[in-house]
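Asks: First the structure, then my questions, so here it is.
None of the figures in this text is laboratory data; all of them are computed from the coordinates on show. Small disclaimer: the values here were computed from a predicted structure and weren't measured. Here the Cβ is made from the backbone with ideal geometry for all residues, glycine too, and neighbour counts use every protein chain on show.
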Amino acid sequence: MWCGVGVMLSAMAYHWLSVYEGPAWLFAVPGITAALIIHHFGFLKIVDKNLGRISRLSPKPCVFSFISWKSYLIIVIMVAMGITLRHSPIPKQYLSVIYTGIGLALFLSSIRYFRYLLSK
């Protein structure tokens with residue numbers, strides 16, 4: 001899920017910057033920088049908590065038990081914020097910084113899930 005959403009958000013940001021007539025790197029560089037910070041200081045902690053919970057699950061767990069119930073609330077809030085921002089009058093090149101930051105951070109953090117899956 002993290003990988004798919006990360007790719008989707010990053011692709012949207014890439015599209016917005018590809019049609020931007022100015023210097024796109026002015027928005028891409030801050031987005032990538034934000035992604036590295038968010039990935040390292042935010043999402044990796046969440047991934048580690050989720051992997052700890054997953055490793056303690058029974059052999060036949062509920063399909064929704066890979067994250068906590070609190071995380072589902074956070075997901076709903078983030079999706080609502082993303083939809084609101086995407087339909088806001090804020091210029092898309094500015095939104096691309098946020099979408100690149102979150103999208104790339106999600107994608108990078110999803111690699112830890114794949115590494116865990118492949119180690120089992």
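Asks: Using θ = phi - 60° and the Karplus curve 6.51 cos²θ - 1.76 cosθ + 1.60, what whole-Hz ³J(HN,Hα) does each residue of the range 39-53 get, with Gly and Pro shown as x?
Replies: Ordered by residue, 3J(HN,Hα) equals 4, 6, 9, x, 6, 5, 5, 5, 4, 4, 5, 5, 5, x, 5 Hz.
Asks: Just to be sure I understand the curve: with the Debye formula and one point per C-alpha of the range 62-110, what is log10 I(q)/I(0) at q = 0.24, 0.25, 0.26 Å⁻¹?
Replies: -0.98, -1.01, -1.04
Asks: How far is helix 69-86 tilted, in degrees, relative to the longest principal axis of the Cα atoms in the chain, given as a value from 0 to 90 rounded to the nearest 10?
Replies: 10
Asks: Could you sort out which of 45/120; 70/92; 49/70; 70/120 sit more than 19 Å apart by Cα distance in this structure?
Replies: Pairs exceeding 19 Å: 45/120; 70/92; 70/120.
Asks: In deg cm²/dmol, rounded to 500, what helix-only [θ] at 222 nm does the chain give when every DSSP H run of at least 4 residues adds -39500 (n - 2.57) and the total is split over its residues?
Replies: Working: 5 runs with 90 residues, N = 120.
Helices in the chain give a 222 nm mean residue ellipticity of -25500 deg cm²/dmol.
Asks: Helix 92-119 versus the longest principal axis of the chain: what is the Cα-based angle in degrees, 0 to 90, to the nearest 10?
Replies: Taking Cα atoms only, the helix is inclined about 30 degrees.
Asks: I've got another one for you. Over the Cα atoms of the chain, what is the Rg over Rh ratio if Rh follows Kirkwood?
Replies: 1.04
Asks: May I pose another question? Going 7 Å from the Cα of residue 20 along its beta-carbon direction, which residues of the range 56-92 have the amide nitrogen within less than 18 Å of the resulting point?
Replies: Output list for this probe position: 85-92.
Asks: Where in the range 30-71 are there chymotrypsin sites (Phe, Trp or Tyr not before Pro) that are in a DSSP coil and have at most 12 other Cβ atoms within 10 angstrom of their Cβ?
Replies: Here the sparse-neighbourhood loop sites are 64.
Asks: If R₀ is 25 angstrom, what is the calculated FRET efficiency for the pair residue 85 and residue 49, using the beta carbon separation as r and rounding to 0.05?
Replies: Once the sixth-power term is evaluated, E becomes 0.40.
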